[in-house]
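Input: a single structure, listed below in C-alpha cells.
The values are calculated or read from the model by the stated rules, or taken from the named source; none is laboratory data. All figures in this text were calculated on a predicted structure; none of them were measured in a lab. As a convention, Cβ positions derive from the backbone with ideal geometry for all residues, glycine included, and neighbour counts pool all protein chains shown. What goes into the accessible areas is simple: the full protein's heavy atoms, side chains included, and nothing from ligands, DNA or RNA. Shrake-Rupley method; radii C 1.70, N 1.55, O 1.52, S 1.80 Å.
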Amino acid sequence: MQRRRSTPAGLWGLRWALTWAIGAIAVGALVAVHVFLLPSAAVPDAFKLTKASPPSLLFLLFSFSFIAFPFLRLKDQREVGYRRKASELSWTQEVAPPQRAKLKISTQKVGSMREGASGFEKLWKPPSNRYFVPCVAPSSSHLPPTQSRGYLLVHANGGLNQMRAGICDMVAVARLINATLVIPQLDKRSFWQDSSNFSDVFDEEHFIRTLANDVKIVKKLPKELMTTAKAVIHFRSWSGLDYYQDEISRKWDNYQVIKAAKSDSRLANNNLPSDIQKLRCRAFYEALKFSPQIEALGKLLVERMRSYGRYITLHLRYEKDMLAFSGCTYGLTPAESDELARIRDNISYWKVKEIDSQEQRAKGYCPLTPKEVGIFLSSLGYPSKTPIYIAAGAIYGGDSHLADLHSRFPILLSKEKLASAEELEPFKDYASQMAALDYIVSVESDAFIPSYSGNMARAVEGHRRFLGHRKTINPDRKALVHLFDKINQGSLEEGKKLSNIIAEIHRRRQGSARKRKGPIPGTRGIERFRSEEVFYENPLPDCLCQQQP
C-alpha cells in the first residue's frame, strides 16, 4: 500500500496564517474605507475611532496591520525598489489617520480639483492691460512756467477724493491762466466737519517740488495782497481751454488774486491739450502724495492685510451721510429712515429733499446693502475664508446691518481692527485722514469692489488702472437689484444658476484697459459733459501709452 504523503506542520501553519491574513485584510479594508475615505459627517458612530471604540474592532485593525505589513512591504521591495528614508515614521508611531491629501483619488477627482484651483486663481487674476503703461512725461513743447500774472486761491470742497480731483484740476487751471497757485484750503464745512489743513493730509513739500516745472506754487498769499480785492468766481463746470484762457484770464486786468470758490468738476474730461491732461495725471498720481505719517500707517495696514493672504477691499458705502444724501432706505427700519430724512432736510446745500427710495434702488442709484454684497461675493465664487478689508467710515446701524455679510465672510477687517488705538489716535478725529488710510489699502488690494460708484470708488479705480489695470470689479447695481428681488420673492435661489448669471454680467466689468467713455448719445448742454466718464476714473488714453509686447 502506498503511504499517504503527510503535510509538514510548518506548511499547515503558513496556510492558516495566510487564510487569517486574507480575512483580516478584508475586514481592515472595509473599516479603512469607512474611516478614511468617507467624509466625517457620513461615518457612522460605530466606525469612528474614539476612546469608546469596541476593543474587538481595534484588535482587528491591529491584527491587519501586523499580519499584512510584512507582505505589503515585500511587494514594495520587489516592485519599486523600496528604500527606507531616515525621516519615515514606522507604523507603530502613526497614531492618526493619514492626511486626506495623501490618499489616492480618481482621475475625475483630480480633474475637478484642478478646475477648482484654476477657478480660484481666476478670481484674483488681473484683467488684460493690453500692454498699456503710465505715460505722463511732458512733451518737448511743454516749457517751465513763465512770469506769473497773479495768484490763484482755491477752496477745495467735498470729501477727500472730491477735493483731490478738484485740487489737481486747479493745478491745470493755474497753468492755463498763468497763475501762481497758493496751497489749497481744504473743506472744513462739509458733513464731516474736518479741520485738517493741506499739510495734515498731503506731503506739501513733495507737492510743490514735483510740480515745479509745471506751476509755481507757494504756501501762502504774500502779506501785501492779503487785504487786496479778490475776484471770487464759481468756475463753470466741465469747462475747456477757451473758457479759462479767454474769459477767466481777462480778470487779471482788474485783479491780482482770483479765488475759485469751488474746485470740483471745473475742467472738462475730454478734448483738452495732451500736455494739460498729462499734467492732471502727474498731479493726481505723482504729486498729491499723502503725508508721511499717513503713508507709514497705510503701508503697515497693507502688510497686516497681506498676512491673511490675498484680500479684497470692499468700499462699503453704507454710511449715514451716503444713505441720507441718496435717500436709499431699503432694508432699514422706519426709525432709521426717518432719521435719514431729517438729516437731508437739515443740510441746506443738499437740494433734493423728497426722494422715492424704491425708484432710486430700481434704477441702480443706491449703494448695495451689506447683505446684498455678501450674496454678490458668494455668487462670484469667493470662498468664505476670503479676507475682506472694509474701506468705509462707521457703517450705519453697526453690527446689526453687517451680520449677514459677516456670516458669509467672517474675516471682515478694517483700520480699526488692524491698528491699535494708539496708532489711530492721531487720525481718528479727522475724516479725510482716515479716508486716506482706506485709500492706500484699497489701491494695493488684490481685488477692489465698490458698493457704490462715488468719488472714492472712481478715484481708486482710476489709480488702479494707472498702476497696471489691477482687478476692480464694478457691480452692475441695477441688474443685481433685479436678481436680489427675485430671490426675495422666491422665484430664484442662490446657487449655480445665480452664479452663472452674475459672472456673465460682470465678465467685462473688472477694470480691463479701455478708452474713457464720452458723452451719452442724445444728451445736450451741461448734461452732455456731465454724462462723460470722469477723467480720474479712467486716465486712458491721455496718460497711458501702449507698448509693443
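The set of residues in the stretch 133-178 being more than 26 Å from Asn538 (Cβ to Cβ) and open to solvent by 10 Å² or more (accessible area, probe 1.4 Å) consists of Ser140, Leu143, Pro144, Pro145, Thr146, Gln147, Ser148, Arg149, Tyr151, Leu153, His155, Asn178.
The residue pairs whose first member lies in the stretch 306-318 and is among the polar types (S, T, N, Q), whose second member is not in a loop (DSSP other than H, G, I, E, B), and whose beta carbons are closer than 6 Å, counting only pairs six or more residues apart or on different chains, are Thr313/Tyr389; Thr313/Val441; Thr313/Ser442; Thr313/Phe448.
For Pro519, the criteria (1) surrounded by fewer than 18 Cβ atoms within 10 Å (Cβ to Cβ); (2) in a helix (DSSP H, G or I) hold in every case but one, which is (2). Please work out which residue is farthest from Gln546 (Cα to Cα), limiting yourself to the stretch 455-499 and to residues that are β-branched (Val, Ile, Thr) and not in a helix (DSSP H, G or I). Once the filter is applied, the top-ranked residue is Ile473.
Is it true that Ile502 is surrounded by 13 or more Cβ atoms within 10 Å (Cβ to Cβ), under 15 Å from the mean Cα position of the chain (by Cα) and either closer than 30 Å to Leu186 by Cα or touching a residue at least 12 places away in the same chain (Cβ under 8 Å) (or both)? No: the conditions fail for Ile502.
Ser337 falls short on exactly one of the conditions (1) open to solvent by less than 40 Å² (accessible area, probe 1.4 Å); (2) touching a Lys or Arg at 6+ places or on another chain (Cβ under 9 Å); (3) free of Cβ contacts under 8 Å to residues at least 40 places away in the same chain, and that condition is (2). Scoring Arg507 on the criteria (1) touching a residue at least 12 places away in the same chain (Cβ under 8 Å); (2) under 30 Å from Asp542 (Cβ atoms) leaves a single failure, condition (1).
The rows are residues; the columns are (1) touching a strand residue (DSSP E or B) at 6+ places or on another chain (Cβ under 9 Å); (2) small (Gly, Ala, Ser); (3) modelled with pLDDT of 95 or more; (4) open to solvent by 80 Å² or more (accessible area, probe 1.4 Å).
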position	(1), (2), (3), (4)
His482	no, no, yes, yes
Gln510	yes, no, yes, no
Arg530	no, no, no, yes
Leu544	yes, no, yes, no
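Are any of the residues in the stretch 235-245 farther than 28 Å from Glu205 by Cβ, hydrophobic (A, V, I, L, M, F, W, C), in a helix (DSSP H, G or I) and touching a residue at least 60 places away in the same chain (Cβ under 8 Å)? Checked against the condition, which is being farther than 28 Å from Glu205 by Cβ, hydrophobic (A, V, I, L, M, F, W, C), in a helix (DSSP H, G or I) and touching a residue at least 60 places away in the same chain (Cβ under 8 Å), the stretch 235-245 yields at least one hit. For beta carbons closer than 6 Å, sequence separation of 6+ or different chains, a first residue in the stretch 189-214 that is closer than 13 Å to Asp429 by Cα and in contact (Cβ under 8 Å) with a residue 40 or more places away in the chain and a second that is open to solvent by 10 Å² or more (accessible area, probe 1.4 Å) and among the charged types (D, E, K, R), the qualifying pairs are Ser195/Lys188. Candidates in the stretch 179-206 are the residues that are in a loop (DSSP other than H, G, I, E, B) and small (Gly, Ala, Ser); of these, the one that is surrounded by the fewest Cβ atoms within 10 Å (Cβ to Cβ) is Ser195.
Of the residues in the stretch 291-303, at least one is assigned to a helix (DSSP H, G or I) and free of Cβ contacts under 8 Å to residues at least 40 places away in the same chain. Listed by first and then second residue, the pairs with beta-carbon distance under 9 Å, at least 6 apart or on different chains, first residue in the stretch 418-433 and free of Cβ contacts under 8 Å to residues at least 12 places away in the same chain, second of a type in the set (Ser, Thr, Tyr) and assigned to a loop (DSSP other than H, G, I, E, B), are Asp429/Ser195.
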